[in-house]
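The values are calculated or read from the model by the stated rules, or taken from the named source; none is laboratory data. Everything quoted here is computed from the prediction, not taken from an experiment. Because the Cβ atoms are built from the backbone with ideal geometry, glycine has one as well, and the counts that use them run over all protein chains shown. To get the accessible areas, we keep the full protein, side chains included, count just its heavy atoms, and leave off ligands, DNA and RNA. Shrake-Rupley method; radii C 1.70, N 1.55, O 1.52, S 1.80 Å.
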Amino acid sequence: GACDNGLFCDGAETCDAVNDCQAGTPVDCGDGVGCTVDACDEASDQCVNTPNDNLCADDGLYCTGQEVCDVVQGCVSSGDPCPSGTTCNEEGDVCEGILDLDIAGFRVTKRWSVSKTKKPISIKLVVKNNSGINSQSRDATLIGMQGGIQVYGETIPVSDPVGDGRSSFSFSGFTPTSAGDILWTVEILDDDPDIDLASAVTTVVP
């Protein structure tokens with residue numbers, strides 16, 4: 001106690017019976033995090049580890065956000081910089097709206113005869129763009145089930161220019177080989193979380 005200089009940061013002084021008072025070991029304030037500035041605060045008698053974002057290298061990606069210093073994890077990315085309802089375009093370094101293509105109409109041939117009808121079943125889909133994104137397409141998948149068995153499956157790209165009203169698309173025609181109702185189900189896989197699904201039935205008779 002006779003050797004204490006009253007300072008915290010230079011460690012606790014000790015008394016040696018031969019060599020008199022000995023300096024203490026300075027307080028180690030290193031926290032092992034590379035982007036923090038580590039210092040000993042004499043006024044508060046404690047270590048201070050201050051995060052410094054400038055010590056974090058930019059990963060060069062727009063969509064990961066800015067690189068920042070976390071006092072526990074070190075350098076981390078702040079995350080997607082785009083607000084809700086938009087998507088991040090890494091190529092253009094911009095936030096874009098979500099493409100929302102809705103089913104405005106779905107029509108199939110309602111009745112078809114195996115023995116009499118010559119033309120294949122007609123299948124048409126009408127699409128409406130409810131977003132502000134133009135010149136982009138998304139997949140529309142059509143499945144046909146007859147007697148619990150899939151008899152048809154096709155995926156085509158669909159789109160609808162902004163301000164153009166609606167756009168119509170035709171799937172490949174289908175010629176049944178047996179009687180029995182066919183349940184058609186079509187779905188558009190766009191960016192919007194709503195479910196874009198429609199169904200229709202073709203009654204196939206002998």
The Cα extents of the range 101-167 along the principal axes, largest first and rounded to whole Å, are 47, 21, 14
With no other cysteine's Cβ closer than 4.7 Å, which Cys residues of the chain count as lacking a disulfide-compatible partner? C15
Give the carbon-plus-sulfur fraction of the accessible surface of the range 56-144 in %, rounded to a whole number; probe 1.4 Å, heavy atoms of protein chains only. 49
Residue-normalised accessible area of the chain, expressed per residue, 1.4 Å probe, Å²: 60
At most 16 other Cβ atoms within 10 Å and a DSSP loop assignment: could you name the trypsin sites (Lys or Arg not before Pro) in the range 98-206 that fit? K110, K116, K118, R166
If the chain between L189 and C21 were fully extended at 0.36 nm per residue, the gain over the current Cα-Cα distance would be 52.7 nm
Where does each of S137, S131 land when they are ordered by accessible area, with a 1.4 Å probe and the largest first? S137, S131
Using alpha carbon centroids, what distance separates the range 74-120 and the range 126-168, in Å? 8
The range 52-206: percent of C-alpha pairs farther apart than 18 Å? 67
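What FRET efficiency do you get for S178 and T141 if R0 is 25 Å and r is their Cβ-Cβ distance, rounded to the nearest 0.05?
Details: r = 24 Å, r/R0 = 0.95.
Approximately 0.60, to the nearest 0.05.
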Please find, in a Gaussian network model of the chain (springs between Cα atoms separated by less than 10 Å), the residue of D190, D28, D38 whose mean-square fluctuation is greatest. D28
What does a probe at D10 reach in the range 16-57, counting residues whose amide N is under 19 Å from the point 7 Å along Cα→Cβ? 16-17, 19-29, 39-47
